[in-house]
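J.: Have a look at the structure that comes next, please.
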Amino acid sequence: MDGHPALRACFRAPIPEIAQAAALLDAAVTAHLRGQAAQAEAWIRQADMPAVAAWVESILGRNSPYAVIRPAPAPRLAGAPRVPARMPSAQERCQLHARDGFHCRFCGIPVIRQEVRERIRRAYPQALRWGKRNAERHAAFFALWAQYDHLLPHALGGGNELSNMVITCAACNYGRGGYTLAEAGLAHPLEQPPVRSAWDGLERFGRAPPAVGTDAVLPQ
């Protein structure tokens, strides 16, 4: 034994309520596309679960028992050359989603792009709350917020090449911050295959005209 803690796939395993909230949002989009706005709004509201908000905050909190960072004992590199563009281009983001799909490469939960969330928020502003503070944000949309994360942090010279970036959820991205995988005690996510499922990131929202009169069924 070398005394070093074992590396983890993620900071904290997802709770069942996250999958339940994702199913509600998926059903809400289906209802919207079928012209059932009232049902869609009801399911969006139902997906705003306190348990999901608590899961995110348990990772992001300053004194989180899950996101425990152990900075390297050696001094971090000062003045590391940075790639000018911190965020990936639209083409690079498309390549990332083509590889990773719409699931976090660390914890595996479904994710939703910010642009899709904004389309839904404009359609249902009363149901999809989105304030400046975490507590003022819809719990499910906050937890499932797609991020583009550098494995070697940008501040340490990490670039936007596909081999250095992954799709993550908000908790896994912000929980790690600018620390390395080793400092966060996380295993390299590309060593495991991505989650594959029917989840499409709600990308179909706004792409097709609603068909009025068809019943929407909530997935079990």
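J.: Among (1) under 15 Å from the mean Cα position of the chain (by Cα); (2) within 22 Å of residue 16 (Cα to Cα), where does residue 177 come up short?
T.: That leaves (2) as the condition not met.
J.: Which of the residues that make up the stretch 172-201 are in a helix (DSSP H, G or I), among the small types (Gly, Ala, Ser) and in contact with a Lys or Arg (Cβ under 8 Å, 6 or more places away or on another chain)?
T.: Quick first cut of the stretch 172-201, residues in a helix (DSSP H, G or I) only: 172-176, 181-184, 189-191.
So of that shortlist, the ones also among the small types (Gly, Ala, Ser) come out as 175, 182, 184.
Within the stretch 172-201, just 184 meets the criteria.
J.: Let me ask another. Give the residue that is modelled with the lowest pLDDT, with candidates limited to residues of the stretch 35-79 that are crowded, with 18+ Cβ neighbours inside 10 Å and part of a loop (DSSP other than H, G, I, E, B).
T.: Among them, the one singled out is 67.
Residue by residue, here is whether (1) within 24 Å of residue 39 (Cβ to Cβ); (2) surrounded by 22 or more Cβ atoms within 10 Å (Cβ to Cβ); (3) modelled with pLDDT of 95 or more; (4) β-branched (Val, Ile, Thr) holds:
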| residue | (1), (2), (3), (4) |
| --- | --- |
| 114 | no, no, yes, no |
| 125 | yes, no, yes, no |
| 129 | yes, no, yes, no |
| 140 | yes, yes, yes, no |
| 152 | no, no, no, no |
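Here is a yes/no grid of residues against (1) more than 21 Å from residue 27 (Cβ to Cβ); (2) among the acidic types (Asp, Glu); (3) surrounded by 17 or more Cβ atoms within 10 Å (Cβ to Cβ); (4) modelled with pLDDT of 95 or more:
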site: 186; (1), (2), (3), (4): yes, no, yes, yes
site: 203; (1), (2), (3), (4): no, yes, no, yes
site: 208; (1), (2), (3), (4): no, no, no, no
site: 214; (1), (2), (3), (4): no, no, no, no
site: 220; (1), (2), (3), (4): no, no, no, no
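J.: On to the next question. For the stretch 132-171, how many residues meet the condition of being assigned to a helix (DSSP H, G or I) and not charged (D, E, K, R)?
T.: First, pick out the residues of the stretch 132-171 that are assigned to a helix (DSSP H, G or I): 134-136, 139-143, 154-156, 162-164, 170-171.
After this cut, where a residue has to be not charged (D, E, K, R) as well, the list is 134-135, 139-143, 154-156, 162-164, 170-171.
Qualifying residue count, the stretch 132-171: 15.
The values are calculated or read from the model by the stated rules, or taken from the named source; none is laboratory data. Quick caveat, the model's predicted, so the values are computed rather than measured. Because the Cβ atoms are built from the backbone with ideal geometry, glycine has one as well, and the counts that use them run over all protein chains shown.
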